[in-house]
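Participant: What follows is a structure written as structure tokens; I'll ask about it next.
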Number of protein chains: 2
Amino acid sequence: MTSPVGLHRVLEPPGATCLPQAAQRLDNRPDIGPDEVRILVERLNLDAASFRQLSEKHHGDGDAVRAEVLDIIATRGKMQNPVTGSGGMLIGTVDAVGPESPLGLAPGDRVATLVSLTLTPLAVTDGLARWDGRGEQVPCEGHAILFGRSIAAVLPDDLDAELALAVLDVCGAPALTARVVSRYTEKPTVAVIGGAGKSGSLSLAAARLAGAAGTVGIVPHAAERDALVAAGLADQVAIADARDPVALAAAVNGALGRAADVTVVCVDVPGCEHGAILATADGGTVVFFSMATSFAAAALGAEGLAADVTMLIGNGYLPGHATYALDLVRKEPAIRALFEARIATAPGRSVASDTPSQSGRTGH
Amino acid sequence: MTSPVGLHRVLEPPGATCLPQAAQRLDNRPDIGPDEVRILVERLNLDAASFRQLSEKHHGDGDAVRAEVLDIIATRGKMQNPVTGSGGMLIGTVDAVGPESPLGLAPGDRVATLVSLTLTPLAVTDGLARWDGRGEQVPCEGHAILFGRSIAAVLPDDLDAELALAVLDVCGAPALTARVVSRYTEKPTVAVIGGAGKSGSLSLAAARLAGAAGTVGIVPHAAERDALVAAGLADQVAIADARDPVALAAAVNGALGRAADVTVVCVDVPGCEHGAILATADGGTVVFFSMATSFAAAALGAEGLAADVTMLIGNGYLPGHATYALDLVRKEPAIRALFEARIATAPGRSVASDTPSQSGRTGH
């Protein structure tokens, strides 16, 4: 029997002592085990940090970037940038499904993988000939393998693929926000730091839907404030630099009349931990989705402030998270408008990435 | 009015835009505000990582280490190692209490500060003349300031000061473990990774007291297994390398018969995130106390494993945590025996530090 977490695909180090994400090299052969799924790849979305590192290393020389990506995939059997450690996601079409696969996929389904490329066996067969090496979206022919415990979402017919991918990239945030809010016995107030971004706007909508007593979206400047006010996704909108703890706490207190019961951190800049803790009421919850979060800064910050707050590491996976996020977009036209505006103004960027001030999760 | 989090003591950067922990320099003058407390310092316990960096930099030259510590305190108005960013804790006697201090302290109380030295205004008056620069425990004359939201614990009369300090150093872990366990409606099983260490043994005792259905302590080798079995603090004891996810999950499953509902990570080595997630049942909780925890490894690891687990950043503060931990030691003679053995076998080390494989929290 094959391992549901893909241990049987780990070639280096030998002995199956580490998971595929930590492995140096994976077995990317196309034959599938009884619980595996093979996908014909259509496009890779490289993680923004990974593409930036490669592009800067090669001074923007697209041919050199392409050659290195090909070399990484050939050497490692997966697309994991050895410097940044990050990968990305992919879209493709289901090609073969093992008889014991629990993923519910069928051949012909067009899917996005919601697990990172850093743990996905991948082989490229076209030399990435259709990619100029100058953007994060990589047209690609080849195959990828999903394990029993992998996650993939079927792309919906009623939403543009680019919009759907942008939503799926951050779909853990609204699902976890909804869970946290709905578990309060008294309706909590919710502050979303980075409320106009992708994960932020979805989290605001999720908080309201889950019964928040009031919401505030914190944004870095007037343009985002105007966009979020127009979208109507938050009860209040306020401007603050999330790296300034005093200013952030003041903005949240000013908008809600007191500290927030739940604070959701969706801005991908370092140094937001203390502000988020200070903006949260005693007994409250801080959910850190930003991959720029420092574990030590959060742990020692709360201790130093004698803050009795529950701090959650934003898990990108919850059962049903993809469906939940896509449904939010269908229910809230304002979210779709925010996303489409973001996609339209960032034509050169991968839909799986985001500007640093707005991203929920760029570390895929 | 002074700021309860000490903003009024921040000299650099100017403008009170950051909290004392992030500040370059603090105002350490002895005059206290209405909600402040002044302590006459008796001893500093330097953070283990900080002392190691200083000692290695100066090739073990104690005079040079002492000179640099004096220079740091004089320059910054606090003891925060500029390389490691860490500080430590201190013990001393309450000297003056502002009329509006909420800390419940009285002049003459012998206390340990439970907030980090990295945010505590400190002045040294004896040139650290009684310290040879060769150990983490620093006899010291001078004063320190506590803010309205600081935390200090009165040292108990019935426990040896060194034992009490070692317990107070990790007192957030058992308190949070107890809270997590007691919030389950069905009694959960609990795995403590690093169960024979300071925070680990306290967490095992707390889990049992809070009603855990069963506990397992995971230890790295036979000597710790024998010590933990003899202590009787865990229902099961098993040996595994916490950095090997497959071995760790197998050890927990073998001991409990299934994955743990609650997994508490108390080993201060990097790379334990995936194993802790894999050892935890769907819908379960992982509490990360180790300061070696990587936020990204935890977040992306759970996503990559499609693991629906709640992941907590171990907050070092909960109301009543010091009293709770000291009471555990009084109730469980086995904990006292484990701690005393640890103190006895590590005479050159600070009681506030721990060996890397056993520590709960060395980042103070």
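The values are calculated or read from the model by the stated rules, or taken from the named source; none is laboratory data. Being a predicted model, the structure only gives us computed values, none of them experimental. So basically every Cβ, Gly included, is an ideal-geometry build from the backbone, and we count neighbours across all protein chains shown. Just the protein is used for accessible areas: all its heavy atoms, side chains included, with ligands, DNA and RNA removed. Shrake-Rupley method; radii C 1.70, N 1.55, O 1.52, S 1.80 Å.
Participant: Could you grab me the full set of residues in segment A:4-36 that are within 13 Å of residue A:146 (Cβ to Cβ) and either touching a Cys at 6+ places or on another chain (Cβ under 7 Å) or within 11 Å of another protein chain (Cβ to nearest Cβ) (or both)?
Facilitator: The answer is A:4, A:5, A:6, A:20.
Participant: Say we look at segment B:221-270 and pick out the residues that are acidic (Asp, Glu) and touching a strand residue (DSSP E or B) at 6+ places or on another chain (Cβ under 7 Å); which of these is farthest from residue B:340 (Cα to Cα)?
Facilitator: Here the residue is B:261.
Participant: If you don't mind, another one. In segment A:45-75, what count of residues is obtained for those that are closer than 27 Å to residue A:4 by Cα, within 23 Å of the chain's Cα centre (by Cα) and modelled with pLDDT of 95 or more?
Facilitator: Here the count works out to 2.
Participant: I've got another one for you. In segment A:323-340, which residues are open to solvent by 50 Å² or more (accessible area, probe 1.4 Å) and outside any loop (DSSP other than H, G, I, E, B)?
Facilitator: A:323, A:324, A:327, A:330, A:331, A:333, A:336, A:337, A:340
Participant: Can you pull out every residue in segment A:122-170 that is among the small types (Gly, Ala, Ser) and outside any loop (DSSP other than H, G, I, E, B)?
Facilitator: Correct list: A:123, A:142, A:144, A:152, A:153, A:161, A:164, A:166.
Participant: If residue B:173 meets every condition in (1) in a loop (DSSP other than H, G, I, E, B); (2) modelled with pLDDT of 95 or more; (3) within 12 Å of another protein chain (Cβ to nearest Cβ) apart from one, which number is that one?
Facilitator: (1)
Participant: Return a yes/no flag: does segment A:62-74 have any residue that is outside any helix (DSSP H, G or I) and without any contact (Cβ under 8 Å) to a residue 60 or more places away in the chain.
Facilitator: No, because not a single residue in segment A:62-74 is outside any helix (DSSP H, G or I) and without any contact (Cβ under 8 Å) to a residue 60 or more places away in the chain.
Participant: So, in segment B:81-102, exactly how many residues are of a type in the set (D, E, K, R) and in a strand (DSSP E or B)?
Facilitator: 1
Participant: Right, something else. Consider segment B:289-308. How many of its residues are of a type in the set (A, V, I, L, M, F, W, C), buried (at least 24 other Cβ atoms within 10 Å of the Cβ) and either in contact (Cβ under 8 Å) with a residue 40 or more places away in the chain or more than 7 Å from chain A (Cβ to nearest Cβ) (or both)?
Facilitator: Of the residues in that region, 1 qualify.
Participant: May I pose another question? So residue A:195 ticks every box in (1) small (Gly, Ala, Ser); (2) assigned to a helix (DSSP H, G or I); (3) at pLDDT 95 or above; (4) open to solvent by less than 10 Å² (accessible area, probe 1.4 Å) but one. Which box is left unticked?
Facilitator: Result: residue A:195 fails condition (2) only.
Participant: Does residue B:320 satisfy being open to solvent by 10 Å² or more (accessible area, probe 1.4 Å) and more than 8 Å from chain A (Cβ to nearest Cβ)?
Facilitator: Against the criterion (open to solvent by 10 Å² or more (accessible area, probe 1.4 Å) and more than 8 Å from chain A (Cβ to nearest Cβ)), residue B:320 qualifies.
Participant: In addition: Which of (1) away from every other protein chain (no Cβ under 11 Å); (2) open to solvent by 10 Å² or more (accessible area, probe 1.4 Å); (3) within 27 Å of residue A:120 (Cβ to Cβ); (4) in contact with a Ser or Thr (Cβ under 8 Å, 6 or more places away or on another chain) does residue B:284 not meet, given it meets every other one?
Facilitator: Answer for residue B:284: the failing condition is (2).
Participant: Pick out the one residue from B:124, B:138, B:111 that is open to solvent by 10 Å² or more (accessible area, probe 1.4 Å), aliphatic (A, V, I, L, M) and in contact with a Leu (Cβ under 7 Å, 6 or more places away or on another chain).
Facilitator: B:124
Participant: Given A:96, A:74, A:106, A:67, which one is buried (at least 16 other Cβ atoms within 10 Å of the Cβ) and among the small types (Gly, Ala, Ser)?
Facilitator: A:96
Participant: What pairs come up if the first residue lies in segment A:266-281 and is more than 11 Å from every other protein chain (Cβ to nearest Cβ), the second is buried (at least 24 other Cβ atoms within 10 Å of the Cβ) and part of a helix (DSSP H, G or I), and their beta carbons are under 6 Å apart, counting only those six or more places apart or on different chains?
Facilitator: A:266/A:199; A:266/A:200; A:279/A:248; A:279/A:252
Participant: Test residue A:233 against the criterion of being part of a loop (DSSP other than H, G, I, E, B) and more than 27 Å from residue B:309 (Cα to Cα), and give yes or no.
Facilitator: yes
Participant: For residue A:179, are the conditions met, namely being out of contact with any strand residue (DSSP E or B) (no Cβ under 8 Å at 6 or more places or on another chain), open to solvent by 20 Å² or more (accessible area, probe 1.4 Å) and part of a helix (DSSP H, G or I)?
Facilitator: yes
Participant: Going by the structure shown, is residue B:260 touching a helix residue (DSSP H, G or I) at 6+ places or on another chain (Cβ under 8 Å), more than 14 Å from every other protein chain (Cβ to nearest Cβ), in contact (Cβ under 8 Å) with a residue 24 or more places away in the chain and open to solvent by 10 Å² or more (accessible area, probe 1.4 Å)?
Facilitator: Spelling it out, it is not the case that residue B:260 is touching a helix residue (DSSP H, G or I) at 6+ places or on another chain (Cβ under 8 Å), more than 14 Å from every other protein chain (Cβ to nearest Cβ), in contact (Cβ under 8 Å) with a residue 24 or more places away in the chain and open to solvent by 10 Å² or more (accessible area, probe 1.4 Å).
Participant: Of the conditions (1) in a loop (DSSP other than H, G, I, E, B); (2) more than 13 Å from every other protein chain (Cβ to nearest Cβ); (3) not β-branched (Val, Ile, Thr), residue B:78 fails just one. Which one is it?
Facilitator: For residue B:78, the failing item is (2).
Participant: Here's another thing I want to ask about it. Filter segment B:1-16 down to the residues that are in contact with a Pro (Cβ under 8 Å, 6 or more places away or on another chain), open to solvent by 20 Å² or more (accessible area, probe 1.4 Å) and without any contact (Cβ under 8 Å) to a residue 24 or more places away in the chain and list them by number.
Facilitator: Of everything in segment B:1-16, just one residue is in contact with a Pro (Cβ under 8 Å, 6 or more places away or on another chain), open to solvent by 20 Å² or more (accessible area, probe 1.4 Å) and without any contact (Cβ under 8 Å) to a residue 24 or more places away in the chain, namely B:7.
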